[in-house]
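Okay, so here's the structure we're looking at.
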Amino acid sequence: MKIGAYVINLDRSIERWRCLTAQAAQFDMQFLRVSGVNGAAIPAEKRIEIDEPAFLRQNGRLMLDGEYGCYRSHLKALSTFLESDNDAAIIIEDDVEIPPKLIERAEAILDAVPDAELVKLLNHRSRWFRLRKISQLGDQVGRCLHGPQGSAACYLVTRKGAEKLLSSIRVMNYPLDIALERGWQNGVNVFTVKDNIAHLSPTTSKMTEIGTRADYRKHKFRGPRRTITHLMRAIEYIRRIRYAL
């Protein structure tokens, strides 16, 4: 199986790209750069393929500029992958530290779980993990009953998985990290590793391109306006559990 590595990198983030290419050279890897979309540079009236009422209901807050840019960047990366002759891709954001043997571990994961179409290789949490298989290189692969797990900074996707994603999540109504995990809705066979294979860089990840906690709090709805959001999240939680089982 031929696996390519695609790095999403904003044009202004020159130092991040330099750090990643240095890591790639160290581990004898090749990265294809995907120019990221700067959401802040696109006026709201010129943004495309957004279901804004659904986003407001389901997330209980306004959309951040960085979230829009992140979403479009990942769709661009998936399209770029499908234009290649690779069988699978690792999609990487530029604030990730690349571990040695990343490609080999991805190959071992797909050998262990051949029906997987997307495998998250980095998460903020992996609670109530249910094991499916252990790869030959020791990575535990399965699903989590609890979520969302957070982060779309590094994941493995097959051609079939990318095709399904581009069809099912093209219109944005969730942040990208949540949209990826919703296998019960997007039709993708989604798994995760129990322990992160890649990790966020301790330096560059502090300079977020999406939004700080203060940004999220500022855009969050208050009081009764969030009632429907709580109800929809409860339904999603039940769907997640059923999918993981």
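The values are calculated or read from the model by the stated rules, or taken from the named source; none is laboratory data. This structure is a prediction, so every number in the text was calculated from the model and none was measured. Neighbour counts run over all protein chains shown; Cβ positions are idealised from the backbone, glycine included.
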Condition met for Ile91 (modelled with pLDDT of 95 or more and β-branched (Val, Ile, Thr)): yes
Subset of the range 83-93 [surrounded by fewer than 24 Cβ atoms within 10 Å (Cβ to Cβ), in contact (Cβ under 8 Å) with a residue 60 or more places away in the chain and acidic (Asp, Glu)]: Asp85, Asp87
The lone exception for Asp11 - which of (1) within 23 Å of Tyr71 (Cα to Cα); (2) in a loop (DSSP other than H, G, I, E, B); (3) touching a residue at least 60 places away in the same chain (Cβ under 8 Å) it fails: (3)
Pick from the range 28-67, criterion in contact with an Asp or Glu (Cβ under 7 Å, 6 or more places away or on another chain) and not in a loop (DSSP other than H, G, I, E, B), ranking: farthest from Val7 (Cα to Cα): Ala40
Of all residues making up the range 180-194, the number that are in contact with an Asp or Glu (Cβ under 7 Å, 6 or more places away or on another chain), assigned to a loop (DSSP other than H, G, I, E, B) and crowded, with 19+ Cβ neighbours inside 10 Å: 1
Pick from the range 209-239, criterion among the small types (Gly, Ala, Ser) and within 18 Å of Leu56 (Cβ to Cβ), ranking: modelled with the lowest pLDDT: Gly211
Candidate set from the range 5-37 (those that are modelled with pLDDT of 90 or more and aromatic (Phe, Trp, Tyr)); member that is surrounded by the most Cβ atoms within 10 Å (Cβ to Cβ): Tyr6
Residue ID - nearest to Lys133 (Cα to Cα), chosen from residues in the range 179-205 that are under 18 Å from the mean Cα position of the chain (by Cα) and modelled with pLDDT under 80: Ser205
Filtered residues of the range 78-88 (kept if assigned to a helix (DSSP H, G or I), in contact with a helix residue (DSSP H, G or I) (Cβ under 9 Å, 6 or more places away or on another chain) and of a type outside the set (Phe, Trp, Tyr)): Leu78, Ser79, Leu82
One residue from Arg33, Arg47 being under 29 Å from Arg226 (Cβ atoms) and not acidic (Asp, Glu): Arg47
Every pair of residues 6+ apart whose Cβ atoms lie under 6 Å, when the first sits in the range 42-62 and is of a type in the set (A, V, I, L, M, F, W, C) while the second is surrounded by 12 or more Cβ atoms within 10 Å (Cβ to Cβ) and not in a helix (DSSP H, G or I): Ile50/Met172; Ala54/Asn173; Phe55/Met63; Phe55/Asn173
